[in-house]
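Here the structure is laid out as C-alpha cells; the discussion comes afterwards.
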Amino acid sequence: MSNLILSIFPGIDLLGRGFEAEGFCVVRGPDVLWGGDIRGFHPPAGRFEGIIGGPPCQDFSRARRSAPTGYGLEMLSEFARVVTEAQPVWFLMENVPTVPTLDVHGYHVQRVDLDARECDSAQSRLRHFQYGDQRGYIIICKRSPKAAQAEPCCMATEGKHAKQRRTWADFCELQGLPRDFSLPGMTMEGAYRAVGNGVPIPMARVIARSVTAARAPVGFRVCECGCGRPVGGRRVTATVACRKRLQRQRDLAGVTVPGAVTLFECESPGESQQIG
C-alpha cells in the first residue's frame, strides 16, 4: 500500500510534517490561511491511502466565551464529505476532546485522547484524534511517562500578549519546530497563531507511527472511555482516570446521578453527538 496521504485543513501543517518525518508522502489541500476553501475541493477517488486534518475547533472548545456559530459542524461535514469522495483506507481527524464523533459510512471510528507530555514533549497539551478505518483496524499509541513538570500549552492566542508571551524561538521549539523557524510575510501575532494552532510535531509523529502499525483488535479490547488504550480480560477501562472519565460520560447521558467525583468535572455534551 502506498504511503501517499492527503492533508486537509492544513494551516502550516505541523500534523503533516510529523507524518512526513515518519515516511509518509503528504499532499496538502486548500486552507483559508492561504486563501483556499475546502467547500470547493473535490479529491480523486482511490488515490490516497489516508486523509489527515484538523477542522476548526472553536465551536467545540470549552474555552469559548460565545455561542457556537455552526461553522465547526459545517467543517466537520466537509471533512466527512472529502473522505467519502476520496475513499481512503483510513482517516485521522484531530480536534478538541469535546468534538462530536465523525460518522462516515463504511468506516469504524475510534476516539483517542493524547497528551503532548506522553509524546516526549515539554508542554502539557491534550489533543483528541478520531481514527477511521475501512478494515476495522485500530491504532495504539506508544505513550511515554508524563514528566512531573511541564511548560504551559502553546496557545494560538499567545501572540496577542507581547509582554507575557514566550520568545518566538522557545514557542517554536515547544511545538517541535526549529528555533530559527520563520513564516515570511506574516505578522508576529499571525505567526504565533499559525504555529499555536498546529499539532505538536512530536505528537504527530507518535500518531503517525501508530497508524503505520494499525491492526485488528484481536485478543484485546479498547478502553471504553475513549483514550484508545488496550485492555484485556474483563476490564473495560485502562486507568483510574479512565474510570472517572467514563463515569462523567454516564452522568452527562443521564444514566447515573452525578456524584462528588464527577459533578463539577463534566465535559461538554457534544461528545454524544455524531456528524455524518
Study note, to complete from the structure: Residue count, region 173-191, condition charged (D, E, K, R) and in a loop (DSSP other than H, G, I, E, B), comes to 2
Review point. Can you tell me which residue in region 130-165 is farthest from I51 (Cα to Cα), limited to those that are of a type in the set (D, E, K, R) and crowded, with 16+ Cβ neighbours inside 10 Å?
Key: R165
Exercise for review: Please specify each residue of region 94-109 satisfying the condition of being among the polar types (S, T, N, Q) and surrounded by fewer than 22 Cβ atoms within 10 Å (Cβ to Cβ).
Suggested key: T98, T101
Point to revise | Candidates V255, V261, V240 - the one that is of a type in the set (V, I, T), surrounded by fewer than 18 Cβ atoms within 10 Å (Cβ to Cβ) and at pLDDT 85 or above | key: V240
Check your understanding: In region 16-25, what count of residues is obtained for those that are touching a strand residue (DSSP E or B) at 6+ places or on another chain (Cβ under 6 Å) and either closer than 17 Å to S210 by Cβ or in contact (Cβ under 8 Å) with a residue 60 or more places away in the chain (or both)?
Key -> 4
Review point. Is it true that A45 is farther than 25 Å from R205 by Cβ and out of contact with any helix residue (DSSP H, G or I) (no Cβ under 9 Å at 6 or more places or on another chain)?
Key: no
Check your understanding: Only one of P44, P56, P97, P68 is part of a loop (DSSP other than H, G, I, E, B) and in contact with a strand residue (DSSP E or B) (Cβ under 6 Å, 6 or more places away or on another chain); which?
Key -> P97
Check your understanding: Which one of the conditions (1) free of Cβ contacts under 8 Å to residues at least 24 places away in the same chain; (2) part of a strand (DSSP E or B); (3) not hydrophobic (A, V, I, L, M, F, W, C) does H128 fail to meet, given that it meets all the rest?
Key -> (1)
Practice item. Search region 32-50 for residues that are under 20 Å from I12 (Cα atoms) and pair each with any residue that is among the hydroxyl-bearing types (S, T, Y) and exposed (fewer than 13 other Cβ atoms within 10 Å of the Cβ) when their beta-carbon atoms are under 8 Å apart and the residues are at least 6 apart or on different chains. Key: none
**Study point:** Qualifying position, being under 22 Å from T98 (Cβ atoms), of a type in the set (D, E, K, R) and in contact with a helix residue (DSSP H, G or I) (Cβ under 6 Å, 6 or more places away or on another chain), among R165, R193
**Key:** R193
Check your understanding: Filtering region 157-187 down to residues that are of a type in the set (A, V, I, L, M) and modelled with pLDDT of 95 or more, which residue is nearest to S121 (Cα to Cα)?
Key -> L174
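Looking at S7, S2, which is the one that is among the hydroxyl-bearing types (S, T, Y), more than 16 Å from the chain's Cα centre (by Cα) and closer than 17 Å to T212 by Cβ?
Details: S7 fails: more than 16 Å from the chain's Cα centre (by Cα).
When all the criteria are applied, what remains is S2.
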Exercise for review: Considering every residue within region 54-70, establish whether at least one is loosely packed, with under 15 Cβ neighbours inside 10 Å, closer than 24 Å to L126 by Cα, polar (S, T, N, Q) and touching a residue at least 12 places away in the same chain (Cβ under 8 Å).
Suggested key: yes
Study note, to complete from the structure: In the set E78, E85, the lone residue that is farther than 24 Å from G219 by Cβ, touching a helix residue (DSSP H, G or I) at 6+ places or on another chain (Cβ under 8 Å) and surrounded by fewer than 22 Cβ atoms within 10 Å (Cβ to Cβ) is E78
Check your understanding: Among the candidates R221, R205, which residue alone is surrounded by 13 or more Cβ atoms within 10 Å (Cβ to Cβ), basic (K, R) and closer than 18 Å to A122 by Cα?
Key -> R205
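The values are calculated or read from the model by the stated rules, or taken from the named source; none is laboratory data. The model shown is predicted, which means the values in this text are computed figures rather than measured ones. Cβ: placed from backbone, ideal geometry, glycine included. Neighbour counts: every protein chain shown.
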